[in-house]
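Inspection log for the structure reproduced underneath, given as structure tokens.
The values are calculated or read from the model by the stated rules, or taken from the named source; none is laboratory data. Given the structure is predicted, the values throughout are model-derived calculations rather than measurements. So basically every Cβ, Gly included, is an ideal-geometry build from the backbone, and we count neighbours across all protein chains shown.
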Amino acid sequence: MRTKTQKLPESDQNGKITAAKAWGHFRTITEHRLLVMRYCFTVGLYWQGLTHDLSKYSPDEFLNGCRYYQGGRRSPNNGERDVKGYSCAWMHHKGRNRHHYEFWNDYKQDIQPGEFPVHAVKMPRRYVAEMVMDRVSASRTYKKGQYTQHDPLTYYRNGKGRALMHPQTARELERILKILDRYGEEEMIRFVRDYYLKGYPMRS
């Protein structure tokens, strides 16, 4: 992934939509979607595979994706954050896609003084499984030939401290990514399909 010292061409940062940026963004999100679809199919999540990330083609997300396209090396949402300090496209996306843990944040009814009003809700396993496939596919899409089976766990651990994720969801996600990290994709897929999605208990 892009390091802080690497700079994108000015054409990628100026917020103007060009045919090249639009095609590049379309190709990137479609490549990613097809990867997630393939992974979801291998564990039996057919409808989720077919409908994964369809909101990225909506005007609210697609136009911003074209405007802040990062050359296929990082998410255009981060490009939008670089410019604005926030991402409208991401806020639209996370509210419509249940495989993102941010979808599962809600307000508490009764809070104590000084208590943070937002709390994380435990995710159903079928969406945790889709989230795993999304993370693996995103790492493959952005890292391309440099991808290794260790990247999804590394990325998760780097962002772990700022994630508002239910503790049980976090344990389940990390457990699956550890299987990928240690044993590879075939074993991870077998575990998700034959154990995790069958409802068996999870060890820490």
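Candidates TYR147, TYR156, TYR142, TYR196: the one that is in contact (Cβ under 8 Å) with a residue 40 or more places away in the chain and more than 14 Å from ALA129 (Cα to Cα) is TYR142.
The single condition among (1) within 19 Å of TYR39 (Cβ to Cβ); (2) modelled with pLDDT under 95; (3) of a type outside the set (S, T, N, Q); (4) exposed (fewer than 15 other Cβ atoms within 10 Å of the Cβ) that ARG162 does not satisfy is (1).
Considering only residues that are aromatic (Phe, Trp, Tyr) and within 25 Å of GLN146 (Cβ to Cβ), look in the range 54-92 and name the one that is surrounded by the fewest Cβ atoms within 10 Å (Cβ to Cβ). The extreme case among them is TRP90. If you go through the range 126-154 and keep only what is loosely packed, with under 12 Cβ neighbours inside 10 Å, among the hydroxyl-bearing types (Ser, Thr, Tyr) and assigned to a helix (DSSP H, G or I), you end up with nothing. Being within 23 Å of VAL192 (Cα to Cα) and among the small types (Gly, Ala, Ser) is the filter; apply it to the range 121-158 and report the residue that is farthest from the chain's Cα centre (by Cα). Filtering first and then ranking leaves ALA129. For ASP181, the criteria (1) touching a residue at least 40 places away in the same chain (Cβ under 8 Å); (2) buried (at least 18 other Cβ atoms within 10 Å of the Cβ) hold in every case but one, which is (1).
Of the residues making up the range 38-53, not a single one is basic (Lys, Arg), modelled with pLDDT of 95 or more and buried (at least 17 other Cβ atoms within 10 Å of the Cβ). In summary, no helices (runs of 4 or more DSSP H) completely within the range 20-125 bear 3 or more residues that are within 20 Å of THR141 (Cα to Cα), out of contact with any His (no Cβ under 7 Å at 6 or more places or on another chain) and free of Cβ contacts under 8 Å to residues at least 12 places away in the same chain. Looking across the range 186-204, the residues that are assigned to a helix (DSSP H, G or I) and either over 15 Å from TYR39 (Cβ atoms) or of a type in the set (D, E, K, R) (or both) come down to GLU186, GLU187, ARG190, ARG193, ASP194, LYS198. Being in contact with a helix residue (DSSP H, G or I) (Cβ under 8 Å, 6 or more places away or on another chain) and closer than 21 Å to MET202 by Cα: is that true of TYR147 here? Against the criterion (in contact with a helix residue (DSSP H, G or I) (Cβ under 8 Å, 6 or more places away or on another chain) and closer than 21 Å to MET202 by Cα), TYR147 does not qualify.
Please verify whether TYR101 is surrounded by fewer than 17 Cβ atoms within 10 Å (Cβ to Cβ), modelled with pLDDT of 95 or more and under 18 Å from the mean Cα position of the chain (by Cα), treating the condition exactly as stated. No; evaluated as a whole, the condition is false for this residue.
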